[in-house]
Amino acid sequence: MTAEPPDLPRVIGHRGAAGLAPANTLAGLHAAAGAGCRWVELDVRLSADRVPVLHHDRAVGANTGHPVATRTAAELARADGSVATLDAALAEAGRLRLGVNLEIKADDDDVDALVARTAAVVAGAPNVVELISGFCDAALAAARRHVPAVPRALLMQRPRVSWQDSVSAVAAGTLTMADGFVTPAFVAAARRAGFAVSVYTVNDPERARALWEWGVSAVFTDRPDRVCP
Ligand code: G3P
Ligand code: MG
C-alpha cells in the first residue's frame, strides 16, 4: 500500500539548522524559524530513563564515550550540554509554528519502545510533527502502529534495488535520499509511482534549485539562510 505523500515545504532545516546553531537544539529551532523555514528535521533517541531526547549520534561528548542510552535525560541536559528532550523541542517548535520531521534513530536495541515513547510525546503536541522518518524499516513499521495519523518517509542513503517494495511495506509516501545518489531518472520514477522525494543535505542554493527542477519536493539543509527561496 502506498500512502499519500504529505505536502512538503521546499526547505527543511536539517537537525534544526545545524550550520547556524548546535544540531538538534532549541537554539537551532529559533535559527531555522529566523531563516524562514516552515519545517525542521530532528533526530530522536531514548535516554537511559526512556525519555525521547534529541541527539544525532549514538554517543555524547567529544570522545563519544557515553552512549545516550546510558545517561538519564537530566544527566544529558546537565553534563553533556543542552541535549533537549523531545517534549521541550516540540513545545518550542509549536510556539515557533515550525512543523517537524522527526527522524527515529533506531540504532539501539528496543525500537518499539523508542517509537512508543516518542508517539506519546508526539500526541501531547498536536499538529507539530508532520512526518516521521527512519532508515530502519522496523522503526517505520512501529510508527505506523503507534502514530498512524502521521505520514512516514523511508530514508535510504542510496536507492535499494527493491525500493518500491520497501516503501510500500511501511506505507510511506516519501523517500528521503542522500544527495549524490539521487538522479533525475530516479526522481521521475519515484514520482510516477506516487512518492514524494526529499534529499539531504543540501547547503548550496544552486544545487537545491537543480533538485527542485528534477521534481524533488524538499531539501534538508544546514544553512536555511542560504537555501530558503
Ligand atoms: O533525515 C535526513 C537526514 O537527517 C538523515 O541523515 O545522518 O543527518 O540523520 P542524518
Ligand atoms: Mg537526521
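The values are calculated or read from the model by the stated rules, or taken from the named source; none is laboratory data. Bear in mind the structure is a predicted one, so any value in this text is a computation, not a measurement. Ideal geometry is used to build each Cβ from the backbone, glycine not excepted, and the neighbour counts take in all protein chains shown. Note: areas computed on protein heavy atoms with side chains; ligands, DNA, RNA excluded. Shrake-Rupley method; radii C 1.70, N 1.55, O 1.52, S 1.80 Å.
Using the Cα centre as the reference, give the magnitude of the dipole from point charges on the C-beta atoms of the chain (Lys, Arg: +1; Asp, Glu: -1; all else neutral), rounded to the nearest 20 debye. Let's see the in-between values first.
Details: 23 positive and 25 negative charges, 78 e Å.
Computed charge dipole of the chain: roughly 380 debye.
Of the listed residues Ser82, Ser217, the order by accessible area with a 1.4 Å probe, largest first, is Ser82, Ser217.
When nucleic acids and ligands are ignored and a 1.4 Å probe is applied, Asp107 ends up with an accessible area of around 80 Å². Between the residues Ala91, Ala73, Val44, the greatest Cα displacement towards the positive end of the dipole of the stretch 26-98, with unit charges on the Cβ of Lys, Arg, Asp and Glu, is found for Ala91. Taking the longest Cα principal axis of the chain as reference, the axis of helix 111-123 is set at about 90 degrees. In plain terms, the C-alpha convex hull of the stretch 33-156 casts an average shadow of 7.6 nm² when viewed from every direction. Accessible area per residue for the stretch 76-229, computed on protein heavy atoms with a 1.4 Å probe, is 43 Å².
Roughly what % of Cα-Cα distances in the stretch 26-98 sit above 21 Å, to the whole percent? Don't skip to the end; give the middle numbers.
Values: 723 of 2628 pairs.
Value for the stretch 26-98: 28 percent of Cα pairs lie more than 21 Å apart.
Please state the shape class of the stretch 122-229: rounded when a/c is under 1.5, otherwise prolate if a/b exceeds b/c and oblate if not, all from the C-alpha gyration tensor. Note, shape of the stretch 122-229 comes out oblate.
Give the Rg/Rh ratio for the chain, taking Rg as the radius of gyration of the Cα atoms and Rh as the Kirkwood radius, to two decimals.
Details: Rg = 16.5 Å, Rh = 17.4 Å.
Taking Rg over the Kirkwood Rh, I get 0.95.
Going by amide H atoms built from the backbone, whose H comes under 5 Å of the H on Trp39, apart from near neighbours? Here the answer is Gly13, Gly99, since their amide H atoms fall under 5 Å of that of Trp39. Close amide-amide hydrogen proximity is noted between Val129 and Val100, each under 5 Å apart and 5 or more residues distant or on a separate chain (H modeled in the peptide plane; Pro and chain starts excluded). Cα axis of helix 137-146 to longest principal axis of the chain: angle in degrees, 0 to 90, nearest 10? Here the helix axis deviates by roughly 70 degrees.
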